[in-house]
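First up is the structure itself, then whatever we jot down about it.
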Amino acid sequence: MTRKPDVDAAYALGGVEEVRALYRDWADTYDADFVAATGYVYPREVAAVFAARRGGGNAPVLDIGCGSGAVGEALAGMEAGEVDGLDLSPEMLAVAARKGVYRRTIEGDLTGRVPIPDSTYGALLSAGTFTHGHVGPKAMGEVLRVARPEALLCLGINGAHFEAHGFGAAFARLADAGAITAPEYIDRPVYAEGNDTRALIAVFRKT
């Protein structure tokens, strides 16, 4: 791995080991040179949509691909209840754990099987994980496995990758099969200003 740790390198990744290597090298500076430096508001936007849709209950919550804990920090002031963080990178999980916003952190690879029992979570959300170079739509089976029936899911997907990488078609198939409710797609910015990148947040429930 010789790529400089940055968002372009993240989108260029070719497999699980490259993801681990990038975030191993990036973990200690990720918050400063990406979240703060770019005005990365995406985690806050996903957390706000989740808070507006969840109503009562839906605990415990799983933050999928929690990284350094930006979504957990956003949820901390929203009375989200018990929140766990799942990520592929142990170095990023160590940063997240130090923030004190997660009940526990879990190392796991969504392209395989994560170390979580079936039907564990009443709500699941994600910012920045379901996109090119990271986790594709095939992982939705594993996401739904760990979700309880009627669990709320708020999954952010980079707008440029939503159709190109098959996310829209995957959600349509799951809805047609009766595995999930028909998704609502909410358009939100990824950055505060100076960058017009948008994301769609898919909001639905497991049936």
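The values are calculated or read from the model by the stated rules, or taken from the named source; none is laboratory data. Small disclaimer: the values here were computed from a predicted structure and weren't measured. Backbone-built Cβ (ideal geometry, glycine too); neighbour counts: all protein chains shown.
Each residue in the range 34-69 was checked for being within 11 Å of residue 85 (Cβ to Cβ) and in contact (Cβ under 8 Å) with a residue 60 or more places away in the chain, and 6 of them qualify. Taking only pairs six or more apart or across chains, which ones have beta-carbon atoms under 7 Å, a first residue in the range 181-196 that is farther than 25 Å from residue 169 by Cα, and a second residue that is at pLDDT 95 or above and among the hydrophobic types (A, V, I, L, M, F, W, C)? Going by the 7 Å Cβ cut-off, the qualifying pairs are 191/41; 192/41. Residues in the range 50-75 that are in a helix (DSSP H, G or I), within 16 Å of the chain's Cα centre (by Cα) and either of a type in the set (Asp, Glu) or surrounded by fewer than 20 Cβ atoms within 10 Å (Cβ to Cβ) (or both): 51, 73.
When each of 85, 69 is tested for being in contact with a Cys (Cβ under 6 Å, 6 or more places away or on another chain) and not hydrophobic (A, V, I, L, M, F, W, C), the lone residue that passes is 85. Restricted to helices (runs of 4 or more DSSP H) entirely inside the range 100-207, those with at least 2 residues that are of a type in the set (A, V, I, L, M, F, W, C) and modelled with pLDDT of 95 or more are 140-146, 167-176. Here are the criteria: (1) modelled with pLDDT of 95 or more; (2) surrounded by fewer than 24 Cβ atoms within 10 Å (Cβ to Cβ). Tell me which single one residue 27 does not satisfy. Of (1) modelled with pLDDT of 95 or more; (2) surrounded by fewer than 24 Cβ atoms within 10 Å (Cβ to Cβ), only one is false for residue 27: (1).
The number of residues in the range 66-99 that are modelled with pLDDT under 95 and within 17 Å of residue 121 (Cα to Cα) comes to 5. Of the residues 172, 192, 160, 139, the single one that is more than 14 Å from the chain's Cα centre (by Cα) and farther than 27 Å from residue 39 by Cβ is 172.
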